[in-house]
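Trainee: Have a look at the structure that comes next, please.
The values are calculated or read from the model by the stated rules, or taken from the named source; none is laboratory data. Since we're looking at a predicted model, the values are computed, not measured. Positions of Cβ are backbone-derived with ideal geometry, glycine not excepted, and every protein chain shown enters the neighbour counts.
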Amino acid sequence: MQNHLSLLITTPPNFNIVEINKMTDASPKSRLEQIKSSLQKGEIVQAVTVREFIPWFNAERRSSLVRWQIRQHLKEVKLRTTPNFMDAYIDSPISFELVEPQNNESPSSEPSLANDSQDTSLIAGSLSDPAFRIGRLESANKKPLSVKPDSSINEAVTLMLMHNYSQLPVMTNEREVKGIIGWEGIGSHLTLGKPVSFVRECMKSHYEVNLNDSLFRVIGRIIEHSYVLVRNESKIITGIVTTADLSSVVRTILVAFRN
């Protein structure tokens, strides 16, 4: 894994690429200070994945202590990641932004684990802990296969058989969900002898959760409905989590508890 950061600097008409901190022994503070300096100059810092970001701090996982340490490093240099590195999926890209100082912020105040209310709740293991959010699951970050309301039933059936799916979201675009179509809905129509030609004729209401929702609160919905669609802060459907993914849910929870 590369342990350095590339910066893309916009200097029309050509783009210059500046390699920052290729040295593997570079400190986290040095990396972040250089990122801050580049952003202040109007340069664009290349995004990195969470998996690439965590090793900067000599860590492999986002344990409570590691998250707190990274937050303090970011706070010290007045940077933030978008999306929040604590919430994002491990292979999702995160970018860096400058944080404007608040009027009531004391530059000389020392960072304290006990005084950081957000991190105190994390270490206490509350339901707000990012380690227990559905956004940490791979399936929640994998764009789902979908069909349109006017798609033929044959198309939906073929896709479900080819991919071994029990249901498909019915969507007109990445944000607008019209419903869900699955074997249950198709079967109920056929059992009643109703002719079915298009997806819209037998789709049902769908169920969705937010990317930052707690896994503990979501598990019940997954069991009840066999799936949930996942929507991010930009209102985009980012994935679908089904009962088949529950083993990943349990594994995520166990890893978080172990750390």
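Trainee: For the range 43-98, what are the residues that are of a type outside the set (Val, Ile, Thr), within 13 Å of the chain's Cα centre (by Cα) and in a loop (DSSP other than H, G, I, E, B)?
Mentor: Pro83, Asn84, Phe85, Met86, Asp87, Ala88, Tyr89, Asp91, Ser92
Trainee: Suppose we keep only residues that are among the small types (Gly, Ala, Ser) and part of a loop (DSSP other than H, G, I, E, B) within the range 126-144. Which one would you say is modelled with the highest pLDDT?
Mentor: Keep residues of the range 126-144 that are among the small types (Gly, Ala, Ser), which gives 126, 128, 131, 135, 139-140.
Subset that is part of a loop (DSSP other than H, G, I, E, B): 126, 128.
On the way: Ser126: 41, Ser128: 51.
That would be Ser128.
Trainee: Still on this structure, I have one more. Going through the range 146-174 one residue at a time, which ones are among the β-branched types (Val, Ile, Thr) and in a loop (DSSP other than H, G, I, E, B)?
Mentor: Let us first name the residues in the range 146-174 that are among the β-branched types (Val, Ile, Thr), namely 147, 153, 157-158, 170, 172.
Within the range 146-174, Thr172 is the sole residue that qualifies.
Trainee: If Ser188 meets every condition in (1) touching a residue at least 60 places away in the same chain (Cβ under 8 Å); (2) polar (S, T, N, Q); (3) surrounded by fewer than 21 Cβ atoms within 10 Å (Cβ to Cβ) apart from one, which number is that one?
Mentor: (1)
Trainee: Still on this structure: Among the residues of the range 175-186, are any part of a loop (DSSP other than H, G, I, E, B) and either farther than 20 Å from Asp91 by Cα or not assigned by TED's automatic domain parsing to the domain that holds Leu65 (or both)?
Mentor: Taking the range 175-186 and keeping what is part of a loop (DSSP other than H, G, I, E, B), we get 175-176.
Filter once more, keeping what is either farther than 20 Å from Asp91 by Cα or not assigned by TED's automatic domain parsing to the domain that holds Leu65 (or both): 175-176.
Yes, the range 175-186 has at least one match.
Trainee: Of everything in the range 43-56, what is without any contact (Cβ under 8 Å) to a residue 40 or more places away in the chain, of a type outside the set (Asp, Glu) and surrounded by 16 or more Cβ atoms within 10 Å (Cβ to Cβ)? Give them in sequence order.
Mentor: Within the range 43-56, the subset without any contact (Cβ under 8 Å) to a residue 40 or more places away in the chain is 43-44, 54.
From what's left, of a type outside the set (Asp, Glu): 44, 54.
Listed by number, the list holds a single entry, Ile54.
Trainee: Follow-up. Would the range 99-119 turn up any residue that is part of a helix (DSSP H, G or I), surrounded by 16 or more Cβ atoms within 10 Å (Cβ to Cβ) and either at pLDDT 85 or above or not assigned by TED's automatic domain parsing to the domain that holds Asp213 (or both)?
Mentor: Step one: filter the range 99-119 for residues part of a helix (DSSP H, G or I), giving 117-119.
Pick out the ones that are also surrounded by 16 or more Cβ atoms within 10 Å (Cβ to Cβ) and you get 119.
From the residues that got through so far, the ones that are either at pLDDT 85 or above or not assigned by TED's automatic domain parsing to the domain that holds Asp213 (or both) too are 119.
Yes, because at least one residue in the range 99-119 is part of a helix (DSSP H, G or I), surrounded by 16 or more Cβ atoms within 10 Å (Cβ to Cβ) and either at pLDDT 85 or above or not assigned by TED's automatic domain parsing to the domain that holds Asp213 (or both).
Trainee: Within the range 58-65, is there a residue that is touching a strand residue (DSSP E or B) at 6+ places or on another chain (Cβ under 8 Å), surrounded by 15 or more Cβ atoms within 10 Å (Cβ to Cβ) and modelled with pLDDT of 50 or more?
Mentor: Of all residues in the range 58-65, those touching a strand residue (DSSP E or B) at 6+ places or on another chain (Cβ under 8 Å) come to none.
No, that holds for no residue.
Trainee: Let me ask something else about it. Those residues that are among the β-branched types (Val, Ile, Thr) and farther than 30 Å from Gly135 by Cα, I need them from the range 182-211; list them, please. If you could, list the steps in order and put the result at the bottom.
Mentor: Restricting attention to the range 182-211, the residues satisfying the condition of being among the β-branched types (Val, Ile, Thr) are 186, 191, 196, 199, 209.
Residues satisfying the conditions are Ile186, Thr191, Val196.
Trainee: Then there's this: Name, by its number, the condition in (1) in contact (Cβ under 8 Å) with a residue 24 or more places away in the chain; (2) under 30 Å from Ile90 (Cα atoms); (3) surrounded by 13 or more Cβ atoms within 10 Å (Cβ to Cβ) that does not hold for Met160.
Mentor: The number of the failed condition is (1).
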